[in-house]
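Here is the structure we will look at.
What follows is calculated from the coordinates using simple rules that are stated; it is not laboratory data. Bear in mind that the values here come from a model prediction, so they are computed numbers and not experimental data. Every residue, glycine among them, receives a Cβ derived from its backbone with ideal geometry; neighbour counts consider all protein chains shown.
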Amino acid sequence: MKIKLLITIFALIAIRTTANDFIIVKDARPVAVIRPVGNDSVMKVANLFNQYIAEITGVELQMKHLKGGYQIRFEIVSPEILSSYHPGTYIKNKDVIKDAFSIVEMHGFMSFSATTLKGLENAVHSFMEKYAGVRHYAHDAVIIPKLITFTVPAINWLEVPAFSFRTPYYYEATFQNYIDFHKLSASPKDTDKPSWPVSSEWGLWVHTMHRLLPPEQWFEKHPEYFALRNGIRMTDQACLSNPEVLEIVCRNLQDEIMANPEAKYWSVSQMDNFNYCECDKCRAIDSIEGSPSGTVIRFTNEIARRFPDKVISTLAYQYTRKAPKITKPLPNVNIMLCTIECNRNVPIGNDNLPGSFYYDLKSWSALTSNILVWDYVINFSHLLAPFPNFHVLAPNLQLFKRFGVEMIFEQGLRGCRSGEFNELRCYMLTKLMWNPDIDVDSLMNDFIKGYYGDKASYYVKEYIARMTNNLEKSDRALTLYEPPFTHSEGFMSPENLEGYYALLEEAGNLCNDDSVAVHRIEMIKQSLRYAKLEVAKSLPFTDHWIFEKEGDHMLKQEYYFMLDELVSRAEEYGPELFHEISIKPEEYRKIMSDYFANGIVRHKAIGAEVSYETEPNSPYLANGSKSLTDGVKGTMTYQMLWQGWWGKDLEVIIDLRDLMQVSSVKVGYLDDNQSWIMAPRAVNVWISDDASTYRLSGSAQNKAAGLKLNKDRSALVVELGNDAKARYIKVKVENIGKLPLWRGVEGDAWLFVDEIEVY
């Protein structure tokens, strides 16, 4: 089914005029005229205004000189003149003036003024939104009212955006009509390319060090150009205290600038990992500065001196988020300050202690006003999962504005359609980045009513309100990479998910005569289908488990149909990925289908008592002492159904209750080195018939232990021979101990094990 989503209101509306109204069109006849404007560019804005008038009223305005009557004029003016139209107004931030505009109407003359062509376009779009009711809820959900009389009251209106750079990283904001109407800094998608600039003002965006210092070109000959970690050089980051690195980066940056001289901003920034250089020079600088940002800012300042007419941007991200104590960024150094660690259940300003994002924002703002806050507003590991963060969007942007932040980048889901409330969240962010003090309730109500329709609006609002309230009551953090089951006792409990689903079912039933509204409600349900599947996996032996809790634990058929509905809709309407960089819908189907078929295993130790010689570490206790022998296998998500041992071996004794023939022991493990979870070195198995005397019956060595592998589930099998009999089986799984040097971190490895199968 293909859905046509463009909306136009065709009802003709007559508006009663008053003596003080400015009349543009009356009774389907043009009244106002557009006075001739300056150059061709300004004339394009006048034509844009007239195109709107034609769409709304069915008639166009004439362009001519008049001595009287209602006249409309468009003009580019200086910042000083723009301010003079509104006495008492002083625009502190000169960077925002390019998007600001003024509309003044008195005595039958209406003037649209701005300092740039973009500002004039902003004035026209904003005028039509405020006075004609035009809406761009999504790139293909546009409302153009129809009026036979179009009048406006007296106007004295100056609009100045809160931030000079405003980009929501969402699919909607890749379309030119949406970008223009919402006055964004984003660039539209070039459909001929797999990627495109975030904004035409930026020559390089982020994580650029490997582009400016390519490891494949330099590492073999000059390993000293790269980070020293655990006594070895590694390509993950650069050694920023090395003067030769500075020269190479500057040369390569010069080449980039020559290829795109119009771009103003150029990112020279760390790669997306924690393995910063710990050589003596870098360590000494960071010690003095109190943060690894010390070497970064000193390095970036040197580059900024070489390119004084450009802005050199760098990251304050993860290990560099804390500001340096001594070195200030130069005026043409831009700080990209990132909120990735923050809790989205509460406003950022609620935590102002040292180490908090609030504290770091305050510290950076004391050093510079040239800050771009890179904010995150979705769950990147589970793009479809419910993520009720609407209540913190405005408070967070108000906080950024209060600290003088000039630029905002809201990272959502740019490359994919139909993520969790993509359209609503993008719409709200576009408005809040222009004015963080806008009435959020009115904004959300307007969108929900316009996008989902009158009949469904109550239920959609109630869905969001209940979910938000349940999250707040749980007092649990809402973070960017957590699996849905994290909230399985809170806002995503099975009972709550059923309640939300019932609301949407009611909404769909009420508007079943409106195929567009029904489609949009179904796309909200996608989040609930996904959440139900993910949460149900994590609740073994309960009524809400994905399998029947008794007997042979057969799959409940409702989940099979739920998976099919989820994937089928995603393949047609998006999102194209269920994770920020991976898992296409059909891949998710295969993963879940495999779990349906193989998530339950039968073996001789099912339900056996397990005695721990070494206890697992909290919080990775799975479902208690029998988790290793419950027949339920872990997934690729380490937080769920796995038990973990940090820096120590697993050693348990399994009581089979009776003496029986045993031939092999299979130990399932997880390898996820980004989370410090490493494959075991070996598995050793001893058997006994009296729990007193044990004899070593077999071992299995893991040749892959300590290697850099992709995230995966695997198993080691220990063969015990054909004549082995035992009641008690002692299993020791050897942790590799310290993390390997290539991991770049000094620390103990985690060992994650799930089912120990006995055959």
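Counting charges near Pro30 (Lys, Arg +1; Asp, Glu -1) among other residues having Cβ under 15 Å from its Cβ returns a value of +1. With the Cα gyration tensor of the range 201-320 giving a ≥ b ≥ c as the square roots of its eigenvalues, does the rule (a/c under 1.5 for rounded; else a/b larger than b/c for prolate; else oblate) give rounded, prolate or oblate? It is prolate, given that a/c is not under 1.5 and a/b is the larger ratio. Counting charges near Ile297 (Lys, Arg +1; Asp, Glu -1) among other residues having Cβ under 14 Å from its Cβ returns a value of +2.
Checking the cross-link pairs Lys130/Lys183; Lys183/Lys431; Lys556/Lys604 against a 20 Å limit on the alpha carbon distance flags Lys556/Lys604 as lying beyond it.
Taking Cα centre as origin and charging only the Cβ of basic (Lys, Arg, +1) and acidic (Asp, Glu, -1) residues, the dipole magnitude of the range 609-758 rounds to 400 debye.
Under unit Cβ charges (Lys, Arg +1; Asp, Glu -1), what dipole magnitude, rounded to 20 debye, does the range 12-160 have relative to its Cα centre?
Numbers: 15 positive and 14 negative charges, 57 e Å.
Charge dipole, the range 12-160, about its Cα centre: 280 debye, nearest 20.
By the beta-carbon count within 10 Å of each Cβ, the least crowded to most crowded order of Ile143, Ile303, fewest first, is Ile143, Ile303. Over the chain, the pair-distance histogram of Cα-Cα distances with 20 Å bins from zero comes to 14, 40, 33, 11, 2, 0 percent, rounded to whole numbers. Bridge orientation summary for the chain: considering DSSP beta bridges with both residues in this region, about 65 percent are antiparallel.
Counted by neighbouring Cβ atoms within 10 Å, the residues Tyr52, Tyr427, Tyr612 run from fewest to most as Tyr612, Tyr52, Tyr427. Full extension from Asp689 to Glu201: what is 0.36 nm times the residue separation minus their Cα-Cα distance, to one decimal in nm? Gain on extension, Asp689 to Glu201, equals 168.2 nm. Ranking Met636, Ile729, Ser625 by Cα position along the charge dipole of the range 609-758, where only Lys, Arg, Asp and Glu carry charges on their C-beta atoms, puts Met636 farthest toward the positive end.
Estimated from the Cβ-Cβ distance and a Förster radius of 45 angstrom, the FRET efficiency linking Glu587 and Ser611 is about 0.70. Can you compute the FRET efficiency between Ile155 and Ala682 using 1/(1 + (r/R0)^6), with r the Cβ-Cβ distance and R0 = 45 Å? Round to the nearest 0.05. Efficiency, from the Cβ-Cβ distance: 0.05.
Rank the residues Arg589, Arg166, Arg306 as a footprinting-exposure proxy: fewest other Cβ atoms within 10 Å of their Cβ go first. All intermediate terms of the calculation are to be shown ahead of the outcome.
Details: Arg589 17, Arg166 26, Arg306 14.
Ordered from fewest to most neighbouring Cβ atoms within 10 Å, Arg589, Arg166, Arg306 come out as Arg306, Arg589, Arg166.
When the charge dipole of the chain is built from unit charges on Cβ atoms (+1 for Lys and Arg, -1 for Asp and Glu) and taken about the Cα centre, the candidate among Asn702, Val405, Thr174 whose Cα reaches farthest toward its positive end is Val405.
To the nearest 20 Debye, how big is the dipole of the chain about its Cα centre, given +1 on the beta carbon of each Lys and Arg and -1 on that of each Asp and Glu?
Working: 81 positive and 96 negative charges, 366 e Å.
Roughly 1760 debye for the chain.
Go through Ala531, Ile521, His544 and say which Cα lies farthest out towards the positive end of the charge dipole of the range 517-558; charges sit on Cβ, +1 for Lys and Arg, -1 for Asp and Glu. The residue sitting most towards the positive pole is Ile521. Computed from the C-beta positions of Asp658 and Asn273, the FRET efficiency with R₀ = 51 Å rounds to 0.50.
Using alpha-carbon pairs under 8 Å, 6+ residues apart, how would you state the relative contact order of the chain in percent? Over the chain, the number comes to 9 percent.
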